[in-house]
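> Have a look at the structure that comes next, please.
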Amino acid sequence: MTATFPKHIAAEGYIPPSRQQEPPRKSYKYIGQNLKRVEDPRLLTGHGQYIDDIAVPGMAHAAVLRSDRAHARIKRVDTSKAKALAGVYLVLTGAEAKEVTGATAQFASPPVVQYCLAVDRVRHVGEAVAAVVAENRYVAEDACDLIEVEYEDLPVVVDPEAAMTSSGDAVLHPERGPNNIAQHRTFTFGPVQEDFAKADVVVKRTLRWGRSGAQPLETVGCIASYEPGSGKFTMYTNSSFLNYVGWLVGASLGVSASKLNLIPCVTGGSFGSKLFTHKVMTLAGTLARAAGRPVKFLEDRLDNITSCDNHGSDRIYRCELALQRDGTMQSLRFQVIDDYGAYFQFGVGTHGNSLCQIVGPYRINSVQMELIAVLTNKCQQGAYRGFGSEVTNWMLERMADAAADELKMDPIELRRRNLIQPDQFPYVIPSGNLYDSGNYPAVLEEALRIAELPKWQKIRDDARAQGRCVGIGAATCQERSVFSATEFWSLNGTENPGFTLTSSPESTQLRVDPTGTIHVTLGSPFWGNSPETMATQIVAEQFQVDPSQVNVVYADTQSGFNSTGPGGSRFTVMIAGAIVGAAKQVKDKLLRVAGHMMEADAGDLEFRAGKIGLKGAPGKEKTIGEVALFAHYFRLNLPAGDDFASGVDASYVYDHPLTTMPAADRSHLGIFYPIMGHMCHLALVEVDPRTGKVAILDYVAVHDAGTVVNPMTLAGHIRGGTAQGIGTALYEKFHYDENGQLVTGTFADYLMPTLAEMPPAIRVGHVETPSPFTEYGIKGGGEGGRMGAPGALSRAIEDALTQYGVRCNELPLTPRKVRELVRAGEKP
Amino acid sequence: MTLIPMSLKVNGTRFERAVEPRRLLSDFLREDLDLKATHVGCEHGVCGTCTVLVDGQAVRSCLSFAVQADGCEVRTADGLAQGGKLSVLQQAFWEKHGLQCGFCTPGMLMVATELLERTPRPTKAEIEEAISANLCRCTGYYTIVESVQRAAEMMQEGAK
């Protein structure tokens, strides 16, 4: 297979060799089965041990007083009445906390300084001003009500375009410079100017992606204990990046990360929003150290929705797509203004992320991005399922539909004409990222087959004949998986300190106990995905044992290994790599011991149905338990040497399968998100033009996530992700008014889909194009649903409202927004 | 603050306690009785995660005061599994992948318990009506509906 390169990237040595040990197979025994999840029984019975279920002896409870102003100087904080209240152990202001705890850690370069309690100035509604530790949460909240804060209001910046010209007191962080522009930079990948000059048609659109967020039903919490003698902290946390977040929290608390033992909890949903929960952990640690007793801080819903540090992207695009008359896409250029809110924790990492699949599944020759990141008086951005790539998926699909309209082509045909072909992989895109494999036409055709498109067209046409507004939308999108950390810093620019490649590894320990049970230790926590089920199926496949013989446990950071955590659709790929590596060592040991027990050469033995047996000799075998028992207790009957040391265990660290450095001049960004999934979403909708209500009549989602470990749980991700995509497209918005007040600050106002907003079904299909770079060819599939639905729904609504000439350029398409569009179309 | 004496039955066990009048039923169950299956999601009655049954009726425990349950019989998801075995409803949720992160699940189980006790053979529309009272951020709801359908089937088979 020959790789495909854009002309501005030299092919020689660009793609490192594959480290795949387990090539994909035609059939498996346990991989690919709909195994019931091993996590479920304890979750179903209330034994999940979520953060709020945990108590430690002597534990006190914290509550936080939050700013009701969007932008103000803190003139005075009087905590005397709060301190006098019975049951209050400690009241801490931002200025007091700053004396012992430094700024929260962040990735932006140059940084934007943030503290876990605001010092001198508040920059958004909900920012923490003071904290109380009390005997229970009720008393702590009572005490918050007794704290008096005097503010001096400052000009409020809400509109991202207005933020570009802010000056004077409207500047949020004057120490950074005299404006609210956090970063303004242009990146060019390939011959954009020439490609535009050659184009027959240039399609232009201005697009607006509204601010939504993960809002998992469980908020962020931490239970922190501090030992004054040793200086050690113990923290129960629902962070997903358990082995990374300690570095951040330790830096703020002024202690080595090695002084923190972080204990993972089962997490009640994250969708990206609990990757780093360092602000909450830093606050809990600060309070525990100051109060001299363990402290639990768990955000309530208002804490979380106003100040979770994880609102999603909030972007304005001005796009141009250059095409030939026949619909061939040539080049894409755009300006994007992104409203990051009051702080800048990940820098422009969400745009680094977008650039890994910026041309989508299409053969686009060159790309230019002018990026303007602005700061406003809102909760800062963080991570939400897609991490910025869901926005560019929507932008690109909107541009494809706009091009089809302009060229009077069928939108599906226009897509089909531009898809990268199966024989063109590995395919390097203009930004430098590599698409490892895929069969995009097969995904599209499978989706059309499941939908029975002619039937949908008939439904639409019949409805139109009756005067109803029914429409069809298609989106063909990328679903990158297995991030490399270069996405967080490659756009910072070469004048800022750069970094080097980080492996972002995942590891595991496998241990076969004397009963033959295989214990798998994970260094990363459960966050609502199915890590135990994935590990169980892969271990069962490796050893050919029944899944009931596998037991999965979680390590804390003191006893765990070099792991990163779930995020960027990486966990299944990475844990498979770690398990394959560890299993090889464990199997070799078992074969050596079994060889001695059976007086056979280890090379003549095989794993079969829970046993180790002589090849070609049915019945001549030992159970894994028998061999493990021998290896544990009867080592002195085995040959001398380390090969036969008592016990059967191994640990293995699996490194990122494929990543390279960005070019020094940023003419490309290297390979950083190469395990590339793909999807096609098709939606059939009816719009009531009188009310603006959108009803989804039918929905098809076909995904290619490579080799599928568990089709049932993958379909669960796809349907659940699509539900979130429906929310993003039609309902959800963190709406700030002109005073910077968050007017959608409760679940009664921030509208997430209930079952009533869902289509009657989401019909899911899978196409499997295994990756040539990962074990078994697995690709990630955690984010796809949300990354496809907005594009398909926007087009379907546009198609339904053809008679009104509606263009869906802004999300969310709430009933009110749809009514506005219809009303504008009704005008003569 | 004055404490109000109260007596109630929770999952079949009688408790006599004195609580602050402002104490929420959700906090009373989780903290005073250490029953952790009831989860709190939004704290203002929208998400339904904290749903428990009070005298057989689904109630948002985050919007109820503990004292309102004085003299009542309360059931929570902690009490569904009996004798070390998952209930039929819990088995059906497991079989049909009716949960991912599991946080909304106790509320879904209690809503479904109320439905199936009142309507042992619910139509799909009746299940959808019941489930639409609660939020789930993971599943997209379909597998939850299938779980309740499956539970109804299993209960019918078991009754034969």
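The values are calculated or read from the model by the stated rules, or taken from the named source; none is laboratory data. Small disclaimer: the values here were computed from a predicted structure and weren't measured. Methodologically, a virtual Cβ is constructed for each residue, glycine included, from the backbone with ideal geometry; neighbour enumeration extends over all protein chains shown.
To keep it simple, each residue is scored yes or no on (1) in contact with a Pro (Cβ under 7 Å, 6 or more places away or on another chain); (2) away from chain B (no Cβ under 14 Å); (3) more than 30 Å from residue B:37 (Cα to Cα).
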position: A:55; (1), (2), (3): no, no, no
position: A:64; (1), (2), (3): no, yes, no
position: A:70; (1), (2), (3): no, yes, yes
position: A:79; (1), (2), (3): no, yes, yes
position: A:83; (1), (2), (3): no, yes, yes
position: A:88; (1), (2), (3): no, yes, no
position: A:94; (1), (2), (3): no, yes, yes
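> Counting only residues that are without any contact (Cβ under 8 Å) to a residue 40 or more places away in the chain and within 7 Å of chain A (Cβ to nearest Cβ), which one in the range B:83-97 is surrounded by the fewest Cβ atoms within 10 Å (Cβ to Cβ)?
Filtering the range B:83-97 down to residues without any contact (Cβ under 8 Å) to a residue 40 or more places away in the chain leaves B:83-87, B:90, B:94.
Next cut, within 7 Å of chain A (Cβ to nearest Cβ) only: B:86, B:90, B:94.
Numbers: B:86: 17, B:90: 24, B:94: 20.
Out of the qualifying residues, it is B:86.
> Mind checking whether some residue in the range B:138-160 is touching a Cys at 6+ places or on another chain (Cβ under 6 Å), within 12 Å of chain A (Cβ to nearest Cβ) and more than 19 Å from residue A:34 (Cα to Cα)? Working first, answer last.
As a first pass, look at the range B:138-160 and keep what is touching a Cys at 6+ places or on another chain (Cβ under 6 Å): B:138.
Still in the running and within 12 Å of chain A (Cβ to nearest Cβ): B:138.
Imposing the further condition that a residue be more than 19 Å from residue A:34 (Cα to Cα) reduces the set to none.
No, because not a single residue in the range B:138-160 is touching a Cys at 6+ places or on another chain (Cβ under 6 Å), within 12 Å of chain A (Cβ to nearest Cβ) and more than 19 Å from residue A:34 (Cα to Cα).
> Further question on the same structure: Show the residue pairs that are 6+ apart or on different chains and have beta-carbon atoms under 8 Å apart, the first residue being within the range B:131-153 and of a type in the set (Lys, Arg), the second being outside any loop (DSSP other than H, G, I, E, B) and surrounded by fewer than 22 Cβ atoms within 10 Å (Cβ to Cβ).
B:150/B:95
> Could you please let me know if residue A:75 is under 27 Å from residue A:248 (Cβ atoms) and assigned by TED's automatic domain parsing to the domain that holds residue A:62?
Against the criterion (under 27 Å from residue A:248 (Cβ atoms) and assigned by TED's automatic domain parsing to the domain that holds residue A:62), residue A:75 does not qualify.
> Answer yes or no as to whether residue A:498 is touching a residue at least 24 places away in the same chain (Cβ under 8 Å), not in a helix (DSSP H, G or I) and not assigned by TED's automatic domain parsing to the domain that holds residue A:346.
In short, no.
> Looking at the range B:103-137, which of the residues that are more than 22 Å from residue A:761 (Cα to Cα) and among the hydroxyl-bearing types (Ser, Thr, Tyr) is surrounded by the most Cβ atoms within 10 Å (Cβ to Cβ)?
B:113
> Ok, one more. Just the residues that are surrounded by fewer than 20 Cβ atoms within 10 Å (Cβ to Cβ) and under 11 Å from residue A:212 (Cβ atoms), please, taken from the range A:732-755.
Correct list: A:735, A:744, A:751.
> Right, another one. Somewhere in the range A:681-695, is a residue assigned by TED's automatic domain parsing to the domain that holds residue A:446, in a strand (DSSP E or B) and within 29 Å of residue A:547 (Cβ to Cβ)? Explain how you work it out, then say what you get.
Let us first name the residues in the range A:681-695 that are assigned by TED's automatic domain parsing to the domain that holds residue A:446, namely A:681-695.
Filter once more, so that each one left must be in a strand (DSSP E or B): A:681-688, A:693-695.
Filter once more, so that each one left must be within 29 Å of residue A:547 (Cβ to Cβ): none.
No, the range A:681-695 has no match at all.
> Check residue A:541 against each of (1) among the acidic types (Asp, Glu); (2) under 17 Å from residue A:648 (Cα atoms); (3) buried (at least 20 other Cβ atoms within 10 Å of the Cβ) and name the one condition it does not meet.
(2)
> Something else now. Before we move on, is residue B:100 surrounded by fewer than 23 Cβ atoms within 10 Å (Cβ to Cβ), of a type outside the set (Asp, Glu) and either touching a residue at least 24 places away in the same chain (Cβ under 8 Å) or at the interface with chain A (Cβ under 7 Å from one of its Cβ atoms) (or both)? Lay out the reasoning, then the answer.
Details: surrounded by fewer than 23 Cβ atoms within 10 Å (Cβ to Cβ): no; of a type outside the set (Asp, Glu): yes; either touching a residue at least 24 places away in the same chain (Cβ under 8 Å) or at the interface with chain A (Cβ under 7 Å from one of its Cβ atoms) (or both): yes.
Criteria not met by residue B:100.
> Another question, then. Conditions: (1) under 16 Å from the mean Cα position of the chain (by Cα); (2) at the interface with chain A (Cβ under 7 Å from one of its Cβ atoms); (3) within 25 Å of residue A:35 (Cα to Cα). Residue B:36 meets all but one. Number of the miss?
The number of the failed condition is (3).
> To continue, here is another question. Conditions: (1) of a type in the set (Asp, Glu); (2) closer than 30 Å to residue A:195 by Cβ; (3) crowded, with 24+ Cβ neighbours inside 10 Å. Residue A:309 meets all but one. Number of the miss?
Evaluating residue A:309 over (1) of a type in the set (Asp, Glu); (2) closer than 30 Å to residue A:195 by Cβ; (3) crowded, with 24+ Cβ neighbours inside 10 Å leaves (2) as the failure.
Every residue, every condition in (1) more than 14 Å from chain B (Cβ to nearest Cβ); (2) over 22 Å from residue A:122 (Cα atoms), yes or no:
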position	(1), (2)
A:254	yes, yes
A:268	no, yes
A:275	yes, yes
A:332	yes, yes
A:343	yes, no
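> Another question, then. Identify, from the list A:590, A:614, A:605, the residue that is buried (at least 17 other Cβ atoms within 10 Å of the Cβ), more than 18 Å from residue A:537 (Cα to Cα) and in contact (Cβ under 8 Å) with a residue 60 or more places away in the chain.
Details: A:614 fails: in contact (Cβ under 8 Å) with a residue 60 or more places away in the chain; A:605 fails: in contact (Cβ under 8 Å) with a residue 60 or more places away in the chain.
That would be A:590, the only listed residue that is buried (at least 17 other Cβ atoms within 10 Å of the Cβ), more than 18 Å from residue A:537 (Cα to Cα) and in contact (Cβ under 8 Å) with a residue 60 or more places away in the chain.
> Taking residue B:16 and the conditions (1) assigned to a loop (DSSP other than H, G, I, E, B); (2) surrounded by fewer than 18 Cβ atoms within 10 Å (Cβ to Cβ); (3) acidic (Asp, Glu), which numbered condition does it fall short on, given that it satisfies the others?
Of (1) assigned to a loop (DSSP other than H, G, I, E, B); (2) surrounded by fewer than 18 Cβ atoms within 10 Å (Cβ to Cβ); (3) acidic (Asp, Glu), only one is false for residue B:16: (1).
> I'd like to check something: does the range A:37-50 contain any residue that is out of contact with any Pro (no Cβ under 9 Å at 6 or more places or on another chain), surrounded by 22 or more Cβ atoms within 10 Å (Cβ to Cβ) and more than 14 Å from chain B (Cβ to nearest Cβ)?
No; the residues of the range A:37-50 include none that is out of contact with any Pro (no Cβ under 9 Å at 6 or more places or on another chain), surrounded by 22 or more Cβ atoms within 10 Å (Cβ to Cβ) and more than 14 Å from chain B (Cβ to nearest Cβ).
> For the range A:406-456, enumerate the residues that are of a type in the set (Gly, Ala, Ser), buried (at least 20 other Cβ atoms within 10 Å of the Cβ) and either under 25 Å from residue A:353 (Cβ atoms) or under 28 Å from the mean Cα position of the chain (by Cα) (or both).
Taking the range A:406-456 and keeping what is of a type in the set (Gly, Ala, Ser), we get A:431-432, A:437-438, A:442, A:447, A:451.
Narrowing further to those that are buried (at least 20 other Cβ atoms within 10 Å of the Cβ): A:431-432, A:437-438, A:447, A:451.
A:431, A:432, A:437, A:438, A:447, listed by residue number.
> Hey, among A:55, A:82, which residue is surrounded by 18 or more Cβ atoms within 10 Å (Cβ to Cβ), closer than 30 Å to residue A:143 by Cβ and of a type in the set (Gly, Ala, Ser)?
A:82
> Out of the range A:695-724, which residues are more than 10 Å from every other protein chain (Cβ to nearest Cβ) and under 16 Å from the mean Cα position of the chain (by Cα)?
Matches in the range A:695-724: A:705, A:714.
> Which residue pairs have Cβ atoms closer than 8 Å, lie 6 or more positions apart in sequence or on different chains, and pair a first residue in the range B:48-62 that is touching a residue at least 40 places away in the same chain (Cβ under 8 Å) and at negative phi with a second residue that is surrounded by 24 or more Cβ atoms within 10 Å (Cβ to Cβ) and of a type in the set (Phe, Trp, Tyr)?
Once the first residue is touching a residue at least 40 places away in the same chain (Cβ under 8 Å) and at negative phi and sits in the range B:48-62, its partners that are surrounded by 24 or more Cβ atoms within 10 Å (Cβ to Cβ) and of a type in the set (Phe, Trp, Tyr) give B:49/B:103.
> Also, I was wondering about something else. Here is a list: A:567, A:523. Which entry is touching a Leu at 6+ places or on another chain (Cβ under 6 Å) and within 30 Å of residue A:106 (Cβ to Cβ)?
A:567
> Related question: Listed residues A:499, A:526; which is hydrophobic (A, V, I, L, M, F, W, C), at negative phi, within 14 Å of chain B (Cβ to nearest Cβ) and out of contact with any Gly (no Cβ under 6 Å at 6 or more places or on another chain)?
Just one listed residue meets the conditions, A:526.
To keep it simple, each residue is scored yes or no on (1) more than 14 Å from chain B (Cβ to nearest Cβ); (2) of a type in the set (D, E, K, R).
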position: A:158; (1), (2): yes, no
position: A:165; (1), (2): yes, no
position: A:180; (1), (2): yes, no
position: A:190; (1), (2): yes, no
position: A:205; (1), (2): yes, yes
position: A:217; (1), (2): no, no
position: A:229; (1), (2): yes, no
position: A:233; (1), (2): yes, no
position: A:240; (1), (2): no, no
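> Take the residues in the range A:738-791 that are away from chain B (no Cβ under 14 Å) and assigned to a helix (DSSP H, G or I), then tell me which one is nearest to residue A:506 (Cα to Cα).
Of everything passing the filter in the range A:738-791, A:775 is nearest to residue A:506 (Cα to Cα).
> Right, here's the next one. So the check is Cβ under 9 Å with 6+ separation or different chains; which pairs have a first residue in the range A:763-776 that's closer than 30 Å to residue A:684 by Cβ and a second one that's aromatic (Phe, Trp, Tyr)?
From residues that are closer than 30 Å to residue A:684 by Cβ, the pairs are A:763/A:699; A:769/A:425.
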